[in-house]
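This report refers to the structure that appears directly beneath it.
The values are calculated or read from the model by the stated rules, or taken from the named source; none is laboratory data. As the structure is a computational prediction, the values presented were derived from the model and not from experiment. Note that each Cβ is placed from the backbone with ideal geometry, even for glycine, and that neighbours are counted across all protein chains shown.
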Amino acid sequence: MPTRVVIDACIALKWEFRDEDQGHAEAALGLLSGAIGGSIELVAPVLWLYEVVNALRSAAASSRMSPEDALR
């Protein structure tokens, strides 16, 4: 049975914005890798999707990423 890990929006955003905090980005990518490999089950609060979408919208509005990248 995989280890269950509760993530917040910051973890998912580190998957996209790896340049901001390298140490935490590597840890976040480790969680993603574990989830893909099946050793970790990622769970998130109900508001997680709204928080991630809002952060991506803000990043696109500030030209930190293209609107097309925010939608993918």
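Per the listing Trp15, Trp48, the residue uniquely of a type in the set (A, V, I, L, M, F, W, C) and modelled with pLDDT under 95 is Trp15. A Cβ distance below 8 Å, combined with a sequence gap of six or more or placement on separate chains, defines the contacts here; from the stretch 13-39, residues that are more than 21 Å from Ser58 (Cα to Cα) and in a helix (DSSP H, G or I) reach residues that are at pLDDT below 90 and basic (Lys, Arg) in the pairs Leu29/Arg18.
Which ones in the stretch 7-38 are loosely packed, with under 11 Cβ neighbours inside 10 Å and more than 23 Å from Ala70 (Cβ to Cβ)? Before the answer, list the steps.
Filtering the stretch 7-38 for residues loosely packed, with under 11 Cβ neighbours inside 10 Å gives 19-20, 22-23, 36-38.
Once the filter is applied, which keeps residues that are loosely packed, with under 11 Cβ neighbours inside 10 Å and more than 23 Å from Ala70 (Cβ to Cβ), the stretch 7-38 yields Gly23, Gly37, Gly38.
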